[in-house]
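Data first, discussion second: the structure below is written as structure tokens.
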Amino acid sequence: LNLLLHHFLKEFRYLRSRWFAWISVLIMQLAVDAEWIAPLSVASAAPAWIGLLPMLMWGGAAVLALAYAPEDARADDCSFIAVRPLPRACYWWSRVAVFGLLIAMPMVLQEGVYLLCSGRPAADVLLGMWERFFITGACIAWLLPMPLMAKGWHRFTIAAVAVISGLLAKSVSVTLLRRTSRLSHEMFYTSNSLFQAAWAGALLMLMLAWWQKRHGWSLSRTLTFTAVVSCTSYALAWTPLMQPWSWTPREPALITEIERKYGELPQPQKYRFYESTSEESTPELVMDGELMPLEGLPPQINPHWRNLGGEMRIKDVALTGKTDGYFKRRFFFLPAIFMKDDPWLIRTLQSALEPETLSMGSSSGHRAMPTCKWPIPVDRAAPADVELNFEADWVRQTVLGECELRPGARVRSDYCEMEVLQVIPHQDADGKEQRGSVTLVFKQSKREIETGGTPFEYFSDVWMVLRAPAKRLLWQQGQGALPQMRGFYTGWQRHLSRWTFKDVLTSSSGLTEADLPTLRVMLRKQDYTGTSRHQLKLKQVSLTDPQSEKPWAYPTHPPRVAETARLSVQHEFTRIRTPAADASREEVARFLADVVTLSHAYSYRSDLKKDGSPWFPGNDHAIADAVARHLLRHPQVITRLPHLIISAENTFMRELLDAMLLASGIPGIKRESNGLIYEPPNGSSSTRRLLNDIENIVGGWQAMAPAIEQALRDRDLSPILAVHAKWRSEVRQHRSDEELLKYLRERFSVSTLWELRGRETALKQAREMIRAEYERRVPPRIGIDSELRPLAECAIVAGMEVALDRRLRGLRFWNEKEMDHEDVMDLSILSRSFSGGELKWVQGLEFLRQAREWRAADFSYDSATLTWRRKTNP
Amino acid sequence: MALLWLLLLAFRQWHQVHVATTWNSTLSHADLEVWLDMGLVLLGAGLMWRCVSAESPSNTDTFSLTRPMGQKALWCGKLLFLFSALLLPALIVMGAYWRGFGLGVAQILTLSGAVILVGTLLGAGAATLTALASSARQMIALAVLAVIGTGVWLAIQEKWGEAVKIALKEQHRALCGSFVAALFAMLGLLAAWWLATVPRRRWTSAGVMLATLVLAPFIAQAWKTDWITRPTLRYANAPKLGVKVGTADPADKAPGRGLWPTLRLTGLGKDEVASIIEFAPVVKNAPWPPQGSFSDLPANPNGFGHWLYTDHTRALFKHYPPTTLWRQHVNDSFNGRKTLPEVLQALRLKREEAIQHRWRLRLVVHELKRIATLPYRQFWSQKNSFLIRPGVRLEFNPYAWIREAWEMHGRLHRLGSAVLPVDAHRSATARDRELRDNFFLVQEDQELRENFAISVPLVARERNYYIHRNQSQLWQTDENQGFEVRTWQPSEQIVFLQRTLDEWIDQQDASLWHAEERGIVEFELTPEQMAQVLAESMKKEGKKP
């Protein structure tokens, strides 16, 4: 021990000038981290020199580890150490002592002093010190065997090669994983797994040094093997061996319970299969949809779903599905990031919020089913059995606290502290003017210890939400900038940030700058609950989706423009070569293709103004008549198309059909502005409009096309009238309660619900079903997705006050300038719920202005008429 | 080591070409550029270090001091090594890359000079440092100091570079300054190396090197002469050009091309198109153009550098049968020329006020020139490259199925010396945006007589968009302004003609058109003329929503 101590002191004497210089850097870093000097400040930017301190701190530690007296170069057989009567063990233990006492101990003490001065509890101080030792060892320990491997500048070269190889390995492996995402069970390393791998690297480096000394390798061979060891160590960080300490489930019992209860997921109501093409240009069948919520679980947890792939079985053929894209893999901070945009987040915070608080601006939900892809099955028409495997990463939300939105307000918790420094209205995080936004400048300190910490790195564990209690509104998204930071390498990080919430001070929200102190800032923390595995089994599902297979036309804009768009089309039509009277079917088809291309090119001629009136009044009758003459000879060109609609602009195709029937000379057909009418010479007919209906009836074209062809061939309207008669009988038929309920469940049609008036039992069932579906599917936010709108309308008609409340509150956010005639149609449905009628444009605007002032509490529900009436004394 | 240098040079060049020409290349995600550049600098410096340290003049033990050979010969030998091992491989690799751009002798010489300048700076710098160091230890210390110094300098540059966005002219001045400073630094470093090697004056040599390194940035900053910026082009046929105002006389056989029905331009060439850069009244003691001035070429905020619009498509009509149905995909920011009342509205002027002033009309004229007509199949399945003029090449990749559509990627590739401009004039500028080369790709369906004109959607060069790769460095311009053309087979042909993709491709030709600048021209309209221009009450057409 005496020899060891002597040798250590000898090393210390050699290193002392450098060591004291390094210690001064450590002290300086401590002073900066603790904000004794250059504190976080709104007024001034961080001085540039503090960015150099970490480099000097870690670079200095590395230099200390590599340095030794020249006479003690073990790699040099001529050096004094080779003949000195010093046991080898003493030499190596003294090297360890140099690391432990001269490098690691100051680092650990610096961390301990910093955490103590920051007022952290004793347990955190000890954990922080332990983790600092762990990190220091990971960064420095692998340099200790260098004296054995090389002397002089060679050891710096070896160290540099090790670092550069590791960094190159990082570049290449990240690239490969991004591209293939097939190498690892997890995506991307965390810094903790990298540090673990670095410790393994130190061990490998020691073995390499021993082997190199024994075999006397040349410098080039030593460098080559150093690079290999460095890359190998780095690769270890990607393997399951190096599990980050924080990536451990917090509530394994709950996860087990979830798996037991929902090992097989409930059948989704919405899913589809469609054809697509992979990046390698291979056709594939893609499945997406929406997973059903898992009920009966703690409200504070939400899942982040990942699809692990699955099998599709058609008859006896099994196809294996695959998922790609790195977002489908476990990725250490994605679940936390996605929660920010999840409109269902508000449910997890419900206990801290006013009832019926609605979220502003949240977009995607966690229920979207991650896609799975299969090769295109040979027999796609046959039904298939599908089995999918999922994993869900569960995240628990905890409210750390909240404060007022005013400078000086604070939130304090064991995990995190926050102080609002400035509140800047109408400005974004970069300081640019942004009307309606509110930017907070705040100082936050946060526990950053891996042991018992969260796996959500890069500040994704604590998020801020803003709420207006009086308005029952919550802003959960925000954009920020992180201008200054201190204590990045410590267990208590501090930063000064700017965070912006958009669309807060708007006329829609009813908030002004004077209301800012009434708003509240809430901090929520996210914890990793655990990962559960699930299966989804679908039996005998159809793989076809007629909607996605319709051909469509890409809109283009023609350069030739006459006085109006309608005139342009007529002008251009004269350029098209007309086929001969006896033209073949192919020639007529080419002619038709040419005309329809022209129609698509000028499709904007059918565009409507906001109020629903046409921009370019008129019609294409003249063109349709000219084309119809040729089509009459080969009606199959058009009637045997699988779909009538080949673009959003579809009336031209129906006008062509109208023109064909008109030109066929069948008696009783007349043309009106919106289509053909039928007035038979022998009296009245129950069919008046001939073809207009096919635009509105699901499957209308498929039913009518053969009838049109036959009518044209026989010069007789009977087949068309027969189709109309069939449609009428279906509408008039008295549908049973079960049929209506089934239809309602599938479509959520308000008219079907009205049809249930007077059928008390069925109406009660319908109400219960709608209520359950509404609560399950409609997220608590301002604004409703178009696909959920029918359900929301049904909920209002069914008497749900919550639905009416949300709808009326949502109307306050409508911008009249952005409204169009389709919005007025939506308002018409709402108007009928108040016993109103159909609204025209001006009435619609007036209704909107009135409805914005209404509150659901001012109305009572009349269950007999399924309408809402204003209370006499609200 | 020299072989490794050659291999690394070749790999770096291949890598540059690969990432610029390959869509979503795996290598482009690896961010190898910095590593390769750093590797080259380290390897080049290492090569010179090995060469010079073998006979270090500062090391008294070195064998060459007692060899029967003069120090001059030694220095010349090392210089020759610098040329043959460091510079010659670089020239060979780079020279191969410069082929196919139609560059003249002056360009090749300037580009080669830039390579020699860079290589000599690196080699002479490393050689001088090595010659000044008497041991490996000193060498490492000097190298570490050099690396720290370079890092600090780069960090400062980056910080300043972010804060200040400088104008093109200022960039050119800085480029000229850096070139002169680099020449000075090269001579200074060579002198320092000479002083350390031949007369073996270490302190003088160190002084010369330090003075060179200190003075060079000052020279770069203080340099004022800009020989790079070219003047803008004036329209050569300006005397033949005229404006006609007022309602066109039906008897007039040359009514001119209408900018508006009451303002027409006469004398334009057959394939020439005039675009309004600015049109606004000239008000005494007020800057021109005023706010609200009309322009056909407004600022384009969506990240694209293409500016061709409908008037340019119309210029193509006469080259095709009159019965052709035309469709187009042009610059989105052009939504039709405003009517004159709308122009007045934007300027917040009433007619009575407007006709009190003289108005200035600034136009830029472009000529549509056909570059090539090829079977569409050739674009579909092959790489294509068209030399537009020396130093500018339009390159196309074959079509590939990407992101649910057929996409053809390509780039406008500019290569030349940054200190000796290839172009004789500067492109016209509208609203701070350079109107650089633009192109039409016209798909021509001969059978259906349908033409689809696609304005090649070049990305804006000032945007850091992922398909714009500016690999220019060290007095060499090497810029790839990318574009992506997305194409779908027309559904009408699938539905009605049952035409397959291959049939559709094979029945078409494709032509490439270049909008070549002819120059800028200005007109002054008197109040009387403006009274005629604004006399006509403009009928407000129902415009596309």
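Remarks
- Pick from segment A:808-823, criterion at pLDDT below 90 and part of a helix (DSSP H, G or I), ranking: farthest from A:Trp754 (Cα to Cα): A:Lys817
- Unique residue being at pLDDT 85 or above, buried (at least 19 other Cβ atoms within 10 Å of the Cβ) and in contact with an Asp or Glu (Cβ under 6 Å, 6 or more places away or on another chain) when the list is A:Gly321, A:Gly310: A:Gly310
- Boolean, A:Gly436 is surrounded by fewer than 21 Cβ atoms within 10 Å (Cβ to Cβ) and under 22 Å from A:Asp341 (Cα atoms): yes
- Set A:Asp545, A:Asp515: member being modelled with pLDDT under 90, away from chain B (no Cβ under 14 Å) and surrounded by fewer than 20 Cβ atoms within 10 Å (Cβ to Cβ): A:Asp545
- Pairs, first within 10 Å of chain B (Cβ to nearest Cβ) in segment A:553-570, second surrounded by fewer than 21 Cβ atoms within 10 Å (Cβ to Cβ) and modelled with pLDDT under 75, C-beta under 6 Å, six or more apart: A:Ala553/A:Ser647
- Condition check for A:Thr597: facing another protein chain (nearest Cβ under 7 Å), within 41 Å of the chain's Cα centre (by Cα) and at pLDDT 75 or above: yes
- Test: residue in segment B:305-321 that is within 24 Å of the chain's Cα centre (by Cα), within 14 Å of chain A (Cβ to nearest Cβ) and not hydroxyl-bearing (Ser, Thr, Tyr): yes
- Considering only residues in segment A:11-27 that are in contact (Cβ under 8 Å) with a residue 60 or more places away in the chain and closer than 15 Å to A:Pro70 by Cα, the one that is surrounded by the fewest Cβ atoms within 10 Å (Cβ to Cβ) turns out to be A:Phe12.
- For segment A:251-280, the set of residues classified as at pLDDT below 90 and either charged (D, E, K, R) or farther than 23 Å from A:Ala381 by Cα (or both) consists of A:Lys270, A:Arg272, A:Glu275, A:Glu279, A:Glu280, listed by residue number.
- Residues satisfying the stated conditions in segment A:769-807, i.e. in a helix (DSSP H, G or I) and touching a Ser or Thr at 6+ places or on another chain (Cβ under 7 Å): A:Pro790, A:Ile796, A:Val797
- Residues located in segment A:214-271, provided they are among the charged types (D, E, K, R) and not in a helix (DSSP H, G or I): A:Arg250, A:Glu251, A:Glu264, A:Lys270
- Checked across segment A:726-734, the condition of being assigned to a loop (DSSP other than H, G, I, E, B) and crowded, with 16+ Cβ neighbours inside 10 Å holds for no residue.
- Extreme residue, modelled with the lowest pLDDT, among residues of segment A:324-376 that are in a strand (DSSP E or B) and of a type in the set (A, V, I, L, M, F, W, C): A:Phe331
- Flag for B:Asn480 being within 30 Å of B:Pro390 (Cβ to Cβ), buried (at least 19 other Cβ atoms within 10 Å of the Cβ) and touching a residue at least 24 places away in the same chain (Cβ under 8 Å): yes
- Filter pass, A:Glu417 being of a type outside the set (Phe, Trp, Tyr), without any contact (Cβ under 8 Å) to a residue 40 or more places away in the chain and crowded, with 18+ Cβ neighbours inside 10 Å: yes
- Just one of (1) touching a Ser or Thr at 6+ places or on another chain (Cβ under 9 Å); (2) more than 30 Å from A:Lys610 (Cα to Cα); (3) at pLDDT 90 or above fails for A:Lys871. It is (3).
- Taking segment B:87-174 and the helices (runs of 4 or more DSSP H) fully enclosed by it, the elements with 3 or more residues that are at pLDDT below 75 are at B:136-163.
- Test result for B:Gly44, modelled with pLDDT of 80 or more, facing another protein chain (nearest Cβ under 10 Å) and under 22 Å from B:Leu88 (Cα atoms): no
- Residue list for segment A:758-774, filter: modelled with pLDDT under 90 and surrounded by 13 or more Cβ atoms within 10 Å (Cβ to Cβ): A:Arg759
- Checking A:Lys525, A:Lys502, A:Lys537 one by one, the residue that is surrounded by fewer than 16 Cβ atoms within 10 Å (Cβ to Cβ), at pLDDT 90 or above and closer than 27 Å to A:His304 by Cβ is A:Lys537 and no other.
- Of the candidates B:Gly410, B:Gly391, the single residue that is modelled with pLDDT of 90 or more, more than 25 Å from B:Leu316 (Cα to Cα) and surrounded by 18 or more Cβ atoms within 10 Å (Cβ to Cβ) is B:Gly391.
- All conditions but one from (1) modelled with pLDDT of 90 or more; (2) touching a His at 6+ places or on another chain (Cβ under 6 Å) apply to B:Ser511; the one that does not is (2).
- Filter result for the condition that a residue is more than 13 Å from chain A (Cβ to nearest Cβ) and either closer than 24 Å to B:Arg370 by Cβ or without any contact (Cβ under 8 Å) to a residue 40 or more places away in the chain (or both), over B:Ile505, B:Ile494: B:Ile505
- Residue match in segment A:553-567 (condition: modelled with pLDDT of 90 or more, among the hydroxyl-bearing types (Ser, Thr, Tyr) and assigned to a loop (DSSP other than H, G, I, E, B)): no
- Within segment A:749-776, the set of residues being within 30 Å of the chain's Cα centre (by Cα) and touching a residue at least 60 places away in the same chain (Cβ under 8 Å) comprises A:Arg776 only.
- Flag for B:Arg234 being closer than 23 Å to B:Tyr309 by Cα, over 31 Å from the mean Cα position of the chain (by Cα) and of a type in the set (D, E, K, R): no
- Hits in segment A:609-618 (condition: surrounded by 14 or more Cβ atoms within 10 Å (Cβ to Cβ) and either touching a residue at least 60 places away in the same chain (Cβ under 8 Å) or in a loop (DSSP other than H, G, I, E, B) (or both)): A:Lys610, A:Asp611, A:Gly612, A:Trp615, A:Phe616, A:Gly618
The values are calculated or read from the model by the stated rules, or taken from the named source; none is laboratory data. On a predicted model such as this, the values are computed, not experimentally measured, just so you know. Neighbour counts are summed over all protein chains in view; Cβ atoms, including those assigned to glycine, are modelled from backbone coordinates with ideal geometry.
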